[in-house]
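The values are calculated or read from the model by the stated rules, or taken from the named source; none is laboratory data. These numbers come from a predicted model, not from an experiment. All Cβ positions, even for glycine, are placed from backbone atoms using ideal geometry, and neighbour counts span all protein chains on display.
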Amino acid sequence: MAIKEPRTFENTITPFARQEAILARGTDSIGFLKQVSTSKEVREAAEKSAKLTGDYAIDLGMRVDLY
């Protein structure tokens with residue numbers, strides 16, 4: 001996110017928190033499918049997706065430039 005003015009809670013943390021919430025909604029849906037789908041293929045795809053989103057969240061949380 002390119003911000004030209006001084007960083008504040010509103011222009012830095014709020015947008016970041018909104019994006020985290022969007023990611024969490026998607027992750028919750030993936031986890032649900034992984035746990036309850038009767039289709040083996042769907043469960044396997046959901047497990048793969050859960051790993052990818054988990055790895056992304058870890059990478060995001062470790063970005064030095066955001067902190």
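Here is how the numbers come out for the structure above:
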| item | result |
| --- | --- |
| Residue that is modelled with the lowest pLDDT [pool: residues in region 48-67 that are under 17 Å from L23 (Cα atoms) and among the charged types (D, E, K, R)] | R63 |
| Of the criteria (1) part of a helix (DSSP H, G or I); (2) over 10 Å from the mean Cα position of the chain (by Cα); (3) surrounded by fewer than 12 Cβ atoms within 10 Å (Cβ to Cβ), which one I58 fails | (2) |
| Test: residue in region 28-50 that is under 11 Å from the mean Cα position of the chain (by Cα), among the basic types (K, R) and at negative phi | no |
| Of all residues making up region 27-47, the number that are loosely packed, with under 13 Cβ neighbours inside 10 Å, closer than 26 Å to F16 by Cβ and not hydrophobic (A, V, I, L, M, F, W, C) | 2 |
